[in-house]
Amino acid sequence: MIVTTKMPSEYAEALLADLREKYSVSLEKYWSADEYRTLSNSERHKMIRTQFPVMAAQISLIAALSLSLKSVK
């Protein structure tokens, strides 16, 4: 799926900061859960994103916003 939007840089920066914070809080919440404890860090991260699709979407949006903001600066 491709999503296209236009917004001022300051909105994009605010959205990026919000997405990073929410992702960080979610990751911290699940990282130490017993079901993931035996996995390596990379596998644990992958499994958490697989089981919580909103986190995978957040990572995609974080990457897209970061790239877009770099291209305008």
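The values are calculated or read from the model by the stated rules, or taken from the named source; none is laboratory data. The structure displayed is predicted, hence computed values, not measured ones. Don't worry about glycine lacking a Cβ; one is built from the backbone with ideal geometry, like all the others, and counts go over all protein chains shown.
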Pick from the stretch 20-47, criterion outside any helix (DSSP H, G or I) and of a type in the set (S, T, N, Q), ranking: modelled with the highest pLDDT: Ser40
Looking only at the stretch 1-52, and only at residues there that are under 26 Å from Leu67 (Cβ atoms) and among the small types (Gly, Ala, Ser), the one that is surrounded by the fewest Cβ atoms within 10 Å (Cβ to Cβ): Ser42
